[in-house]
Every structure is written in C-alpha cells, then in structure tokens.
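The values are calculated or read from the model by the stated rules, or taken from the named source; none is laboratory data. This one's a predicted model, so the numbers in the text were calculated from it and none came from an experiment. Glycine gets a Cβ as well: all are built from the backbone with ideal geometry, and neighbour counts include every protein chain shown.
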Amino acid sequence: MAGARIGTHRSGGPALTLIMMQLHRSNTANHYLLRRARLEQILPLRTQVLFAMHGPRHAHFMGDDHPLTRHYAAVVTDATTVEAAVAAGADDPAGPDANEGDSIVACLTLLPAPFEGEPAWQMRGVAVHPQHRSQGLGRALVAFAEREIADRPEFKRIWCNAVASAVLFYEKMGWEVVDEAYLIKGVGSHFKLLRHRDGG
Ligand SMILES: CC(C)(COP(=O)(O)OP(=O)(O)OC[C@H]1O[C@@H](n2cnc3c(N)ncnc32)[C@H](O)[C@@H]1OP(=O)(O)O)[C@@H](O)C(=O)NCCC(=O)NCCS
C-alpha cells in the first residue's frame with residue numbers, strides 16, 4: 001500500500017520527507033521520516049537484515065566513507081507534521097544526537113561507482129525491518145533517494161547487484177536486469193540491475 005506523503009522540507013540542505021503508512025492487517029499507522037543518515041546510524045539495521053549470518057565486520061562496504069556517498073534512512077517518528085519534525089532537529093544531519101531516540105527501520109546507501117566508464121551511483125544495503133515490510137516503505141525510500149540526488153545530474157545511472165528474491169522489487173520501480181545471473185557462494189543467484197535517471 002502506498003503511503004500518504006505529508007510533506008517535504010528543504011532548507012538548502014538535504015531534503016526531508018514525512019509520510020504516513022498503515023501496516024497491512026493492522027489499525028496502526030506509523031509516521032516515517034525519510035532522510036539522510038550517518039553510516040553509524042544505519043549500520044545496525046544493515047547488519048541485522050543483510051549480514052546477520054556474518055556479523056558487523058562484513059557489513060561495511062568499500063566506499064561507505066567516500067565523501068560523495070549518501071546514506072538514507074526511514075525513521076519512525078512521533079512527529080505528525082514536517083514542521084514538528086524540523087523543530088525536533090530532523091533536518092540537521094550533522095547534529096550528532098538529533099535523532100538518537102528515533103528508530104531506523106529502513107536504510108540504503110548510494111556510493112559513487114562508475115557504470116560502463118561513466119559516473120554512476122551504486123545502490124547497496126537496501127534493507128527494511130521485517131515488521132515494517134510490505135507497506136511500500138522500501139519503494140518510498142528508494143524513490144526518495146532517487147529524488148534527493150537530483151543535485152548530481154552527472155551521475156546519469158544507478159545500478160545495483162540484487163539477490164534473486166529482490167529482483168521483482170526493483171523491477172516494479174522501473175529498474176532493469178542488465179546481465180546474466182551470477183552465483184555468490186552461500187548467498188545464491190544475483191542479478192545486476194540498472195536504473196536510468198531522467199535524461200540518462
Ligand atoms: C526487499 C525489501 C527491501 C522490500 O521492502 P518493502 O518495504 O517490503 O517493499 P515495498 O513494500 O516497498 O514493495 C514495493 C513493491 O515491491 C514488491 N516487493 C517487495 N519485496 C518483494 C520481493 N522480495 N519479491 C517480489 N516483490 C516484492 C511489493 O509487493 C510491492 O509491489 P506492489 O507495488 O505491486 O504492491 C525488503 O523485503 C527487505 O529488506 N528484504 C531483505 C533484504 C533484501 O533482500 N534487500 C535487497 C538486497 S538486494
């Protein structure tokens with residue numbers, strides 16, 4: 001189910017979007033802030049969802065600390081308006097503890113990584129907490145990140161390596177499989193997918 005977008009805030013810095021979503025078969029609706037995050041904020045969720053078998057040491061990606069790399073998160077929030085979220089400091093990505101009490105339930109990372117020799121982003125570490133899946137949150141966070149990188153038009157494409165079970169998730173958002181499947185031992189088949197950005 002698609003969430004209702006309540007509003008977006010941008011004050012010269014990174015954008016911030018507040019959405020509301022109702023979990024399937026539940027009367028509870030959550031408010032989620034979609035925003036940039038710091039690596040150390042998203043690592044616990046990335047580790048839990050994607051590297052539970054391997055441990056935190058394996059959850060670091062090459063390029064995680066690159067100056068252009070962007071980490072994104074969906075955060076459950078008490079705020080019901082964008083103004084309230086901003087008043088609570090949510091638009092301050094540099095603020096060390098602005099969101100300490102918030103709970104991050106979805107994350108992804110965009111790293112600069114060329115595709116066919118041209119500047120491109122690689123999307124990695126896409127993870128939604130199991131209790132927050134199947135309501136459109138993963139799609140919302142990917143779409144938010146795609147919009148948020150509009151300030152870097154020279155990166156015309158975004159690509160990712162997806163585990164077979166997640167390929168349909170990407171295809172439903174307009175991504176295309178561009179290569180043969182390849183096997184990662186112990187993890188299973190993977191596919192390379194590509195997303196052209198506007199004009200790309
Ligand atoms: C894959 C994942 C990120 C999807 O997150 P989500 O919030 O549950 O996805 P959404 O609710 O936004 O789904 C958007 C659409 O994709 C579909 N979809 C989501 N996950 C899917 C899956 N694994 N297989 C097929 N379709 C899927 C949904 O049905 C929905 O389709 P609709 O628009 O027709 O209703 C989440 O299941 C997850 O974290 N999985 C474990 C980690 C993982 O596999 N990450 C990807 C690594 S490449």
### Task
Scan (1) in contact (Cβ under 8 Å) with a residue 60 or more places away in the chain; (2) under 20 Å from GLY117 (Cα atoms) for the single condition ARG147 breaks and write down its number.
(2)
### Query
over 12 Å from the mean Cα position of the chain (by Cα), buried (at least 20 other Cβ atoms within 10 Å of the Cβ), more than 22 Å from ARG157 (Cβ to Cβ) and small (Gly, Ala, Ser), is that true of ALA88?
no
### Task
Name the one entry in ARG133, ARG124, ARG195 that is within 15 Å of the ligand (Cβ to nearest atom), basic (Lys, Arg) and without any contact (Cβ under 8 Å) to a residue 40 or more places away in the chain.
ARG133
### Message
Contact list please: Cβ distance under 7 Å, first residue in the stretch 1-12 and modelled with pLDDT of 90 or more, second residue away from the ligand (no atom under 16 Å from the Cβ) and among the charged types (D, E, K, R), pairs at least six apart or on different chains.
### Response
HIS9/ASP91
### Looking only at the stretch 16-67, and only at residues there that are exposed (fewer than 15 other Cβ atoms within 10 Å of the Cβ) and among the basic types (Lys, Arg), the one that is nearest to GLY186 (Cα to Cα)
ARG57
### Considering residues of the stretch 188-200 that are assigned to a loop (DSSP other than H, G, I, E, B) and surrounded by 11 or more Cβ atoms within 10 Å (Cβ to Cβ) only, the residue modelled with the lowest pLDDT
GLY200
### Query
If you take the residues in the stretch 142-153 that are closer than 16 Å to HIS196 by Cβ and surrounded by fewer than 21 Cβ atoms within 10 Å (Cβ to Cβ), which one is nearest to the ligand (Cβ to nearest atom)?
ALA143
### Query
Of LYS185, LYS156, which residue is more than 26 Å from ARG38 (Cβ to Cβ), more than 12 Å from the ligand (Cβ to nearest atom) and surrounded by 13 or more Cβ atoms within 10 Å (Cβ to Cβ)?
LYS156
### Query
Restricting the search to the stretch 11-30, which residues are in contact with a Leu (Cβ under 9 Å, 6 or more places away or on another chain) and either under 30 Å from LEU68 (Cα atoms) or of a type in the set (Ser, Thr, Tyr) (or both)?
ALA15, LEU16, THR17, LEU18, ILE19
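Taking the stretch 113-144 only, how many residues are of a type in the set (A, V, I, L, M, F, W, C) and not in a helix (DSSP H, G or I)?
Summing the residues that are of a type in the set (A, V, I, L, M, F, W, C) and not in a helix (DSSP H, G or I) in the stretch 113-144 gives 8.
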### Task
Just give me the residues in the stretch 53-69 being of a type outside the set (A, V, I, L, M) and either closer than 20 Å to PRO153 by Cβ or not in a loop (DSSP other than H, G, I, E, B) (or both), in sequence order.
PRO56, ARG57, HIS58, HIS66, PRO67, THR69
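Looking only at the stretch 159-182, count every residue that is near the ligand (Cβ under 8 Å from one of its atoms) and not in a helix (DSSP H, G or I) and tell me the total.
Looking only at that region, the number is 6.
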### Task
Sort out which residues of the stretch 1-13 are of a type outside the set (Lys, Arg), surrounded by fewer than 17 Cβ atoms within 10 Å (Cβ to Cβ) and outside any strand (DSSP E or B), and write them in order of number.
MET1, ALA2, SER11, GLY12, GLY13
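Can you tell me which of ARG139, ARG70 is within 20 Å of LEU193 (Cβ to Cβ), within 16 Å of the ligand (Cβ to nearest atom), surrounded by fewer than 22 Cβ atoms within 10 Å (Cβ to Cβ) and at pLDDT 90 or above?
Working: ARG70 fails: within 16 Å of the ligand (Cβ to nearest atom).
Testing whether each residue is within 20 Å of LEU193 (Cβ to Cβ), within 16 Å of the ligand (Cβ to nearest atom), surrounded by fewer than 22 Cβ atoms within 10 Å (Cβ to Cβ) and at pLDDT 90 or above leaves just ARG139.
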